[in-house]
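Encoded as structure tokens, the structure appears first; notes follow it.
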Amino acid sequence: MADIVLDKVTKSFPDGTTAVHGIDLEIADGEFVILVGPSGCGKSTTLNMIAGLEDITSGELRIGGQRVNDRAPKDRDIAMVFQSYALYPNMTVRENMAFPLKLAKMAKEEIDRKVGEAAKVLELTEHLDRKPANLSGGQRQRVAMGRAIVRSPKAFLMDEPLSNLDAKLRVQMRTQVSRLQKQLGTTTVYVTHDQTEAMTLGDRVVVMRGGHLQQVGDPQTLYDRPVNLFVAGFIGSPSMNFLPATVEENALRCPMGELALDDRLRRLLTAADAPRQLVLGIRPEHFEDAALVDQAGKGFTFTAPVDLVESMGSDKYVYFSVEGGPAVAADLEDLAADAGGADVPHDRANLVTRLSAESRVRGGQEARIWMNVDKIHLFDPSSGRNITLQEEEPAGVAAS
Amino acid sequence: MATLDTGPRAKLKWGLLDAVVVVFALIPVLWVVSLSLKTTATLTDGNFIPREWTLDNYRLIFQTDQFVRALINSIGIALISTLIAVVLGTMAAYAISRLDFPGKALLVGVSLLIAMFPQVSLVSPLFNIERQTGLFDTWPGLILPYITFALPLAIYTLSAFFKQIPWDLEKAAKMDGATQAEAFRKVIAPLAAPGVFTTAILVFIFCWNDFLFAISLTSTEQSRTVPVALSFFTGASQFEDPTGAISAAAVVITIPIILFVLFFQKRIVAGLTSGAVKG
């Protein structure tokens with residue numbers, strides 16, 4: 001067990017592209033850290049550099065206080081679980097799990113004992129003599145985990161280990177991975193592009209984009225206090241609503257109407273030297289059916305036609321489209337591209353709200369909706385910076 | 001993939017078609033077998049099934065030093081060439097499929113060029129070179145050009161096999177504590193084995209069947225291989241028709257190939273389909 005320190009770690013490829021730009025990250029002993037970001041953000045490259053499968057172009061990597069930049073993977077004493085599981089198809093489950101121990105020239109009885117123990121923990125005992133080809137996806141995944149844990153390494157690296165499983169199994173395995181990590185107390189670095197996995201698994205989450213760290217913090221901090229548009233839009237499902245907003249004399253004009261600027265917001269806007277055009281961000285759960293809110297006076301109430309109601313049983317997702325067009329910012333385009341659909345250009349902005357199940361809102365009708373103004377975030381559209389965070393302590397590390 | 005019609009009529013149709021192909025391919029072979037079993041007197045009677053059976057032709061060829069010596073040459077030269085070509089080819093193919101090194105495209109291009117080069121045009125230069133260097137009419141004198149022409153074949157077949165092996169396996173082996181060499185030996189090589197066997201068979205057949213180099217670069221029994229020795233066959237006496245003996249020898253030299261293929265058949269089939277099944 002050991003801590004892992006990345007000190008200005010950079011990766012450039014021979015063709016001139018830089019995948020990772022000087023990352024600083026300290027992972028404490030026993031910590032479960034998640035690297036999350038859209039594809040191509042450098043998270044897997046970072047993981048491979050920690051593993052030793054990719055050379056570090058510049059900067060320093062320390063594991064347990066020792067510089068390991070030039071050490072081969074086998075001398076770093078870390079285990080890795082691959083997205084494809086990378087089980088050796090010519091070996092049985094037992095041989096797969098025993099492989100690292102055999103290479104370490106461990107005594108036969110010792111190997112048998114350790115493999116037996118790991119198999120028991122992962123409920124693989126009755127499959128030990130089968131070949132990977134005859135196992136189900138979940139079983140293969142567990143074998144891959146088993147191969148990592150038998151060796152009691154200093155750290156585990158996991159590269160999207162659950163992404164090949166079906167949705168139900170993924171949730172199940174997520175809990176198992178989490179429990180296993182707590183049980184073993186081994187430092188773990190976990191890469192995923194799924195923000196739900198990142199939020200539920202990690203002690204700390206590292207959001208990356210384009211080879212830069214965006215924000216590092218515990219899941220709740222990332223959710224409540226995102227440092228920029230990208231983090232705000234990436235974390236949370238359904239994601240935060242972004243709307244164009246204009247600062248006027250005493251109000252903030254947004255598609256739902258004019259929000260009064262209170263002292264706090266005014267102070268923040270002045271302090272940040274904010275432009276007049278802003279992006280307003282608000283999460284779906286900060287809306288409510290106005291009929292169900294007691295202190296409606298505290299927030300902002302508006303009326304809008306309902307597009308669609310999705311009842312989840314516990315809540316209702318209600319979709320509105322409001323006049324005024326979607327917010328425009330470079331960060332938002334990145335997010336849309338990652339979500340797979342560069343949104344159809346539209347002169348109306350879409351608004352997703354999460355209302356209580358008791359709400360009687362119907363599709364096609366007008367609805368009165370209450371919005372919690374205290375929870376809005378204001379972003380500078382050019383830099384993506386979250387202006388509403390300024391007065392408070394900076395939440396985690398914000399890199400360029 | 002379109003679903004195949006597997007009704008009885010379709011089966012009959014395909015069965016007939018297969019039979020035609022098999023008969024077409026096998027008739028010359030069977031004819032040679034038939035000739036080898038005929039007596040000299042009935043050689044030219046035109047019967048497919050010999051009227052008079054005899055094994056004299058086989059006895060004859062094994063009594064002549066010429067043939068036995070050529071058989072030893074053939075086996076030795078083909079085996080050595082195959083071994084070297086497969087070992088070198090495995091290493092080259094592994095590098096080509098796994099590593100990015102300067103000049104990779106050039107290497108692949110050149111090996112393709114060699115494979116396409118008409119061998120005939122190399123015969124005279126090789127003849128001169130080998131006479132100057134003293135390689136003419138020796139085993140190495142044949143092994144070297146065989147390796148040259150077998151290597152591109154080996155590299156191409158093997159790199160296709162290596163490309164099917166997920167790179168993650170190698171990374172996993174490294175993470176599990178293997179050195180590059182151990183990762184190759186314990187993880188990659190066993191998975192590439194079907195490819196290696198397939199390549200070995202193809203290369204062996206190429207070396208075994210070669211006539212052009214063998215006749216141009218040899219002059220005595222010392223290194224003459226069977227295909228060439230066959231063409232120098234005469235009967236027991238000058239006036240005897242050697243057709244029967246040649247046929248017998250032709251049958252004998254197909255046997256190693258048949259054995260080789262039968263022995264590795266399972267491996268070849270596994271090799272050819274290994275990409276289709278998810279490991």
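The values are calculated or read from the model by the stated rules, or taken from the named source; none is laboratory data. A quick note: this is a predicted structure, and the numbers were derived from the prediction, not measured. With ideal geometry, Cβ positions are generated from the backbone for all residues, glycine too; neighbour counts draw on all protein chains shown. All accessible areas refer to the heavy atoms of the entire protein, side chains included, with ligands and DNA or RNA removed. Shrake-Rupley method; radii C 1.70, N 1.55, O 1.52, S 1.80 Å.
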note = Quick numbers on chain B, Rg and Dmax over C-alpha atoms in Å, give 23.1, 73
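Can you give me the Kirkwood hydrodynamic radius for region B:118-183, using every pair of distinct Cα atoms, in Å to one decimal?
Details: mean 1/r = 0.0660 Å⁻¹.
About 15.2 Å for region B:118-183.
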ask   = Please state the equivalent ellipsoid semi-axes for region B:1-54: what are the square roots of 5 times the Cα gyration tensor eigenvalues, largest first, in whole Å?
value = 39, 10, 7
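Evaluate the Kirkwood expression for the hydrodynamic radius of chain A, namely the inverse of the mean inverse distance over all pairs of different C-alpha atoms, and round to one decimal in Å.
Radius from the Kirkwood sum: 23.4 Å.
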ask   = What number comes out for the charge environment of A:Lys114, summing +1 per Lys or Arg and -1 per Asp or Glu over other residues with Cβ under 13 Å away?
value = +3
key: Using alpha carbons only: equivalent-ellipsoid semi-axes of region A:229-398, gyration tensor based, whole Å   = 25, 19, 15
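When the expected Rg is taken as 2.2 N^0.38 Å, what fraction or multiple of it is the alpha-carbon Rg of region B:15-128? Before the final figure, lay out the partial values.
Numbers: Rg = 22.9 Å, N = 114, 2.2 N^0.38 = 13.3 Å.
Expressed relative to 2.2 N^0.38 Å, the Cα Rg reads 1.72.
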message = Ignoring ligands, DNA and RNA, please state the percent of accessible area on region B:64-276 from carbon and sulfur, probe 1.4 Å.
response = 72
message = With angles folded into 0 to 90 degrees, how steeply does helix A:93-103 sit against the dominant principal axis of chain A? Use alpha carbons for both and round to 10.
response = 70
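Taking N as the number of residues in region B:115-258, what value does Rg over Cα atoms divided by 2.2 N^0.38 Å take? Each step should come with its number before you reach the end.
Values: Rg = 20.9 Å, N = 144, 2.2 N^0.38 = 14.5 Å.
Against the compact-globule rule of thumb, the ratio is 1.44.
Below 8 Å, C-alpha to C-alpha, sequence gap of six or more: please give me the relative contact order for region A:4-224 in percent. Could the numbers behind the result be given before it?
Working: 409 pairs, mean separation 67.3, N = 221.
Normalised by residue count, the contact order of region A:4-224 is 30 percent.
Taking all protein chains in place and a 1.4 Å probe, what share, in percent, of the accessible surface of region A:229-398 do carbon and sulfur account for?
Working: 4000 of 8490 Å².
Whole-percent figure for carbon plus sulfur exposure: 47.
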request  = Take the Cα atoms of region A:112-225, find their three principal axes, and give me the spread along each one in whole Å, biggest first.
outcome  = 49, 29, 23
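Skip the ligands, DNA and RNA, and give the accessible area per residue of region B:1-54 with a 1.4 Å probe, whole Å².
Numbers: 4460 Å² over 54 residues.
It amounts to 83 Å² per residue over region B:1-54.
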query = Relative contact order for chain A using alpha-carbon pairs under 8 Å, separation at least 6, rounded to a whole percent?
reply = 16
remark   = Among A:Lys105/B:Lys266; A:Lys120/A:Lys154; A:Lys8/A:Lys108, the pairs whose Cα-Cα distance exceeds 32 Å are A:Lys105/B:Lys266; A:Lys8/A:Lys108
ask   = Across peptide B:164-174, how many C-beta atoms of other chains are within 10 Å of each residue C-beta, on average?
value = 6
message = List the residues of region A:61-85 for which accessible area in the full set of protein chains is at least 50 Å² lower than for the chain on its own; 1.4 Å probe, protein heavy atoms only.
response = A:Lys74, A:Phe82
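Excluding A:Arg62 itself, what net charge comes from residues whose Cβ is under 13 Å from its Cβ, given Lys and Arg +1 and Asp and Glu -1? If you can, show how the numbers build up before the last one.
Details: positive: A:Lys8, A:Arg67, A:Arg71, A:Arg76, A:Lys154; negative: A:Asp3, A:Asp7, A:Asp24, A:Glu26, A:Asp29, A:Glu60, A:Asp70.
Cβ neighbours under 13 Å give a net charge of -2.
Determine the percent antiparallel among the DSSP beta bridges restricted to the protein assembly as shown, to the nearest 5.
Values: 61 of 79 bridges.
Expressed as a percentage, antiparallel bridges in the protein assembly as shown total about 75.
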ask   = Given a Förster radius of 51 Å and the C-beta distance between B:Leu17 and A:Asn134 as r, what FRET efficiency does 1/(1 + (r/R0)^6) yield to the nearest 0.05?
value = 0.90
request  = Evaluate peptide B:176-186: per residue, the Cβ atoms of other protein chains within 10 Å of its Cβ; return the mean as an integer.
outcome  = 5
ask   = In the P(r) worked out for region A:4-224, what percent of Cα pairs fall beyond 27 Å?
value = 32
The protein assembly as shown - Rg and Dmax from Cα coordinates, angstrom = 36.6, 123
task = Relative to the compact-globule scaling 2.2 N^0.38 Å, provide the ratio for the alpha-carbon radius of gyration of region B:69-139.
result = 1.43
A versus B: buried accessible surface, summed, Å² (probe 1.4 Å, to nearest 100) = 1800
